[in-house]
Amino acid sequence: MVSPFELMVLKLQEYGFFTFLLPFILMAAILYGLLRKSQIFGPPEKNVAVNAVVAIVASFMVLAAPVIAGINIEQQLAKFFLHSMIAVIILVVTLLTIGMFVGPDLPTKLQDKLGSKFLGGLLVVGIVIGLTLLVTSGLTNVFFPEGFGGIPEDVVISIATIAILLIIIMLIVIFVSREEKKKS
């Protein structure tokens, strides 16, 4: 017998809730947060509408790619978030166990003993965990499908080059704007 919760999930899956709506909401929220944090369009209080419109349009464009390419990201995203949740639970249990022996204010004690290199090490560990989650969830098949979904290799290289250039330009704009803030 099927439970009501299982039936609800299957119905939502049938309506495309997990294939389109949830990834769209997640992508829009992440992009909106990044736009507010980076302040590319100026102070976030003055440009709420611009940030929201850019985030929504970009989210639609990002989610159109799997549909156009014929890739189903539903299973890979579900696995990715399940694996991420397991990694976070392992991290929390580890920190709780260490906290039992170290005492209160664990982050300060770790920083005092390990110094600023500790934060760099945490960043590297975070990147390794993120890449591991990416591979184990199967999302690499979404990013690198066989034959790139019928797209010629030179087109993929051109798109990757343009994306890298845009990222570099974005980083330069952010760096320059931060330098101007420091001067003011």
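List of remarks:
- Taken one residue at a time, the phi angles of the range 57-74 give Karplus couplings (6.51, -1.76, 1.60, θ = phi - 60°) of 4, 4, 5, 4, 5, 5, 7, 6, 4, x, 5, 5, 7, x, 9, 9, 9, 4 Hz. Gly and Pro are set to x.
- Subtracting the Cα-Cα distance of residue 180 and residue 30 from their residue separation scaled by 0.36 nm leaves 51.4 nm.
- Point-to-point label distance, residue 72-residue 41, nm (Cα→Cβ direction, 7 Å offset): 3.6
- Relative intensity, log₁₀ I(q)/I(0), of the range 1-70 from a Debye sum that treats every alpha carbon as a point, q = 0.25, 0.26 Å⁻¹: -1.00, -1.04
- Note on residue 17/residue 112: beta-carbon distance plugged into 1/(1 + (r/R0)^6) with R0 of 41 Å gives a FRET efficiency of 0.30.
- Along the range 33-43 the Karplus relation, 6.51 cos²θ - 1.76 cosθ + 1.60 evaluated at θ = phi - 60°, assigns HN-Hα couplings of x, 5, 5, 5, 5, 6, 6, 4, 9, x, x Hz to successive residues, with x for each Gly and Pro.
- For the range 97-109, 3J(HN,Hα) per residue [Karplus equation, 6.51 cos²θ - 1.76 cosθ + 1.60, θ = phi - 60°, Hz, x = Gly/Pro]: 5, 5, x, 5, 9, 8, x, x, 6, 4, x, 5, 5
Every number here is computed from the coordinates shown, using simple stated rules; none is lab data. Because the structure is predicted, anything quoted here is derived from the model rather than measured. Cβ: placed from backbone, ideal geometry, glycine included. Neighbour counts: every protein chain shown.
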